[in-house]
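See structure below.
The values are calculated or read from the model by the stated rules, or taken from the named source; none is laboratory data. Please read all numbers here as calculations on a predicted model, not as lab measurements. A quick note on method: Cβ atoms are made from the backbone with ideal geometry, for glycine too, and the neighbour counts reach across all protein chains shown. Note: areas computed on protein heavy atoms with side chains; ligands, DNA, RNA excluded. Shrake-Rupley method; radii C 1.70, N 1.55, O 1.52, S 1.80 Å.
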Amino acid sequence: MPLFYSIFVFLGSFTLVIGGSVFLSRVLGRLGPRLNIPEQLFGFITALGADSPEISAAVVSMISGQKDVAVGVVFGSNLFNLASLLGVTAVIAGQISLPRAAVLLNGGVGILISAVAVALVLGAAPPPLVFGLALAILVPYVVLLALRRGSLERLPLPASWKRFVVSAASELKEHAREIQQAGAEDEREREASKLAPPKRGPNGIERPQGSVLKLALWVFVALVVMVLGSTGLVRSTTSLTAGWLPRSLLGTLVLAVLTGIPNLYT
C-alpha cells in the first residue's frame with residue numbers, strides 16, 4: 001500500500017472510530033431510558049458496543065493471517081482499558097468511588113472469564129469447551145443484570161447468595177441513578193442558553209427523543225462505522241509500520257490504544 005494512501009486511510013479510519021464512538025454513546029444515552037433498560041444492564045450493553053472496534057480489529061487481523069497482531073490487540077486492549085479507564089478517570093475526577101458488592105460481582109465474573117481465556121491461550125482446553133464455559137458464565141451474569149429487585153429476591157438461590165446479588169444490583173442501580181441525575185443537571189445547564197427548552201419527563205430528566213426503531217437503527221449505523229474504521233486501522237497501520245515495528249507490538253502498542261479510545265470516551 002503506497003505511503004500517501006496508507007496515511008489517508010489511517011486518518012479516515014481513525015476519524016470513523018472516534019466519530020462512531022461519540023455518536024454511539026449519545027444514541028445509547030437516549031435509547032436506554034426509552035426502553036427502560038436497567039442501569040446495570042445498560043452499562044454492560046454500552047461497554048459491549050464500545051468494544052466493537054477492538055473486537056473487529058482482532059478478528060480482521062486473525063482472518064488476514066496476522067495472528068500475532070490479533071493477540072497483541074487482545075492483550076494490549078485490556079491493559080490499555082485498565083490503565084485509561086481507571087487511571088485517567090481517577091486523574092480527572094480526583095477519586096473513583098464504586099459500590100463494594102458491585103465490584104465483587106463484576107470483578108468475580110471478570111476473573112472467571114480471564115481464567116477461561118488463559119486456559120484457551122495455553123491450550124489447556126479446546127475452543128468448544130472454552131466457548132461453552134464463557135456462555136455459562138456470561139448468560140447468568142447478563143440475566144442478573146437485567147432482573148429487577150423483586151425478581152432477584154424470588155430467585156432460587158441460597159440466602160447468602162441472594163443477599164449478595166440483591167445488594168450488588170441495588171448498589172449498581174443507585175450508583176447509576178446518581179450519575180444519570182448529574183448528567184441531567186449538566187444537560188439542563190447546556191440547554192439553558194437555547195431558545196427551545198428540552199422536553200422533560202415528570203422526574204425532571206430529559207425525555208429521550210426519536211422513536212425506538214430509529215434510535216436502534218442509528219446504533220447499528222454507529223457500530224458499522226466503528227467496525228469499518230477499525231478494519232481500516234488494521235490495514236493502514238500494518239502498512240505504515242512494516243519493517244520497523246514488530247507485529248506483536250503493533251497490536252499491543254498501536255491498534256489496542258487506537259481501538260480502545262471509544263471505551264475511554266464512553
Checklist line | Failed condition for GLU187, given (1) of a type outside the set (A, V, I, L, M); (2) modelled with pLDDT under 60; (3) assigned to a helix (DSSP H, G or I); (4) buried (at least 17 other Cβ atoms within 10 Å of the Cβ) | finding: (4)
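Residue by residue, here is whether (1) at pLDDT 70 or above; (2) within 30 Å of ASN81 (Cα to Cα); (3) under 26 Å from the mean Cα position of the chain (by Cα) holds:
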| site | (1), (2), (3) |
| --- | --- |
| LEU138 | yes, yes, yes |
| LEU145 | yes, yes, yes |
| ARG148 | yes, yes, yes |
| ARG154 | yes, no, no |
| PRO208 | no, yes, yes |
| LYS214 | yes, no, yes |
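Among the helices (runs of 4 or more DSSP H) confined wholly to the range 1-108, which include 1 or more residues that are crowded, with 17+ Cβ neighbours inside 10 Å and within 14 Å of the chain's Cα centre (by Cα)? Quick ask: steps written out before the conclusion?
Values: elements: 3-35, 39-50, 52-63, 67-81, 89-93.
Because the criterion is at least 1 residues that are crowded, with 17+ Cβ neighbours inside 10 Å and within 14 Å of the chain's Cα centre (by Cα), the helices (runs of 4 or more DSSP H) in the range 1-108 that meet it are 3-35, 39-50, 52-63, 67-81.
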Notebook entry, point to check: Which numbered condition trips up TRP161, out of (1) within 28 Å of PHE75 (Cα to Cα); (2) hydrophobic (A, V, I, L, M, F, W, C); (3) without any contact (Cβ under 8 Å) to a residue 40 or more places away in the chain; (4) open to solvent by 80 Å² or more (accessible area, probe 1.4 Å)?
Noted result: (1)
